[in-house]
Amino acid sequence: GIQTSGSNIKAIEGSSVHQITSGQVVIDLQTAVKELVENSLDAGATNIEVRFKDYGLKSIEVVDNGTGIAPEDYDSIALKHHTSKLTSFEDLTTVTTFGFRGEALSSLCALSDSLTVTTATAQQSPMGTVIEMAPSGTIKSRSGKVARQRGTTICVSGLFTPLAVRRKEFERNAKREFGKALNLLSAYALVPCTHENKGVRLQVSNQPNGGRKTVQLKTDGSTSINASVTALWGPKSLENVVDLDLQFLVDMDRTVARRLKDSGEGDTEVKVKGLISSFAVGCGRTGTDRQFFFINGRPCSPSRVQKAFNEVYRSFNTNQSPFIVANFILPTNACDINVSPDKRTIFLHSENNLIQALKVICHPSHSQLPS
Ligand code: ADP
Ligand code: MG
């Protein structure tokens, strides 16, 4: 690959590029905004504001107070497979950042009318630069100094306009797509609770065409799960909810066991932390829209794990679905995050064993879950 010397955003080595799951990273509104928020979190932001204009049809803007981007990196910001987070395939097993493929901004440039980056590093603050990207991901124009505190703002206008059919579909389903994006943003709003060391203030607003801007979702920067759940859904949402705090051993299949041993980690202990509706009372929900799963703090949709939870719950309470926030903490070698382009699918080694253990531990006769 091409390496720009002295810069932080580098091309992933040629051979490694092939080992990274490629494909369409940005397929809808929720994946677009997810990628931007992930970048802000990766940049260490403690304050993130997401502004939708006309449910995202007009623009999506993500403003953060993260590290900012250094001038020597401007050229590589939106080039495909350029990232500051990963340079070789070996890094993938230990990657702790949300991003690692260097594809999101490149895709967003190609899939929108315009993408602009306003950024300032600590050194430059309170002055920054506005960079307008071309669809190819190269720089179209670069401003002189503008006022900007440390951080980065990315504004994407006219998402999917270059793809007429996709754009039409987006226009037709804008409100539903917006709802899905808000739900995914709620999951990201809970990420700081899974790390417990650093709070992030997240605010999401929408301004309908010709209407007033309204705040859709807001957290207060707390790492407490109760405080965050209250901020997101109100104090009532904590009624009849109990702490989820499980710990158990899972038999990993042999390859993983060997790998874990080689890496010195040795144990296959799984912890599950979070919240769940009490079995006895439930919370009157029939859908599964308030079920949030994380693996080592990464929002994901482990459908079989989710199904297992719901099955156990229904054996106590047949007519309701629980509210669930569950973070699975397991050795990083026991899962693979490089499965789907959007990173929502995480491959769990020995998933069957894990699900089995989960069912046993949650079963009435062996319940660690208070009713
Ligand atoms: P990836 O996240 O996989 O590295 P992206 O295309 O999402 O790829 O971003 C490309 C690069 O641009 C990142 O590696 C990072 O260096 C920089 N970047 C993007 N967004 C931000 C941000 N909000 N703050 C700081 N740097 C950013
Ligand atoms: Mg990214």
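Per-residue answers, yes or no, for (1) surrounded by fewer than 20 Cβ atoms within 10 Å (Cβ to Cβ); (2) within 11 Å of ligand 2 (Cβ to nearest atom):
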position: I60; (1), (2): no, no
position: G68; (1), (2): no, no
position: D73; (1), (2): yes, no
position: T87; (1), (2): yes, no
position: V95; (1), (2): yes, no
position: L105; (1), (2): no, yes
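Checking the condition in contact with a helix residue (DSSP H, G or I) (Cβ under 7 Å, 6 or more places away or on another chain) and either on the phi > 0 side of the Ramachandran plot or not assigned by TED's automatic domain parsing to the domain that holds A32 (or both), which residue from F178, F160, F170 passes?
On inspection, the qualifying residue turns out to be F160.
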Discussion item. I'm checking my understanding of the structure. Among residues of the stretch 114-132 that are over 24 Å from the mean Cα position of the chain (by Cα) and outside any strand (DSSP E or B), which one is surrounded by the most Cβ atoms within 10 Å (Cβ to Cβ)?
Written reply: Q124
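Does N327 count as surrounded by fewer than 20 Cβ atoms within 10 Å (Cβ to Cβ) and at pLDDT 90 or above? It would help to see each step written out before you state the result.
Details: surrounded by fewer than 20 Cβ atoms within 10 Å (Cβ to Cβ): no; at pLDDT 90 or above: yes.
No, not satisfied.
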Item to complete: Would you check which residues across the stretch 254-282 are in contact with a helix residue (DSSP H, G or I) (Cβ under 9 Å, 6 or more places away or on another chain), at negative phi and at pLDDT 65 or above and list them?
Response: T268, V270, V272, K273, L275, I276, S277, F279
Worksheet entry | Residue check for Y55: in contact (Cβ under 8 Å) with a residue 40 or more places away in the chain and within 12 Å of ligand 1 (Cβ to nearest atom) | no
Discussion item. Quick check on the stretch 135-164: of everything there that is more than 19 Å from E61 (Cβ to Cβ) and hydrophobic (A, V, I, L, M, F, W, C), which residue is surrounded by the fewest Cβ atoms within 10 Å (Cβ to Cβ)?
Written reply: A164
Fill in: Qualifying positions in the stretch 62-105 - part of a helix (DSSP H, G or I) and either near ligand 1 (Cβ under 6 Å from one of its atoms) or at positive phi (or both)
A104, L105
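The values are calculated or read from the model by the stated rules, or taken from the named source; none is laboratory data. Predicted model only: the values in this text are computed from it and were never measured. No Cβ is skipped: glycine too gets one built from the backbone with ideal geometry, and neighbour counts run over all protein chains shown.
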